[in-house]
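Scroll down for the structure; my scribbles are underneath it.
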Amino acid sequence: MIATLSFYFTNNRMWYVVFLGSIAAANADTWATELGTFSSRSPRSILTFKKVPMGTSGGISFIGTLGAFMGSISVVFLGWLMWGWRQMDFFTGGKIFLLFPLRAF
């Protein structure tokens, strides 16, 4: 909410980037949880790498991690399209958007 209001009042594109990053992180968490349930292997603890029961907090799987990456990429890509990046030089101003899928991790 703060990022949205700050962008509205200042029209500073950095607040749009902050907003996209927060939504990308939330979407990555959702996709990781939903897609991770399809894994045939038991998840591993992110701290000890020992097998944990499915649904345990801190349990990760390859499919869930891939889902998190894809979830964050989808938000960043749609945000990039919505902004109208045809006017922006991708190699100077757009580099920061390449880093946002990694913020979810």
### Message
It is to be established whether one or more residues within the range 42-55 are surrounded by fewer than 17 Cβ atoms within 10 Å (Cβ to Cβ) and either within 21 Å of residue 81 (Cα to Cα) or among the acidic types (Asp, Glu) (or both).
### Response
no
### Query
Within the range 42-53, is even one residue among the polar types (S, T, N, Q) and on the phi > 0 side of the Ramachandran plot?
no
#### Entry: Flag for residue 40 being under 25 Å from residue 56 (Cβ atoms) and not β-branched (Val, Ile, Thr)
yes
### Message
Against the condition in contact (Cβ under 8 Å) with a residue 40 or more places away in the chain and of a type in the set (A, V, I, L, M), how does residue 28 come out, does it pass?
### Response
yes
### Message
Out of everything in the range 27-41 that is within 13 Å of the chain's Cα centre (by Cα) and surrounded by 18 or more Cβ atoms within 10 Å (Cβ to Cβ), what residue ends up being farthest from residue 64 (Cα to Cα)?
### Response
27
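FYI, it's all coordinate maths here, none of it is from the lab. All of these numbers come straight from a predicted model, not from anything done at the bench. Cβ sites come from the backbone with ideal geometry, for glycine too, and all protein chains shown count toward neighbours.
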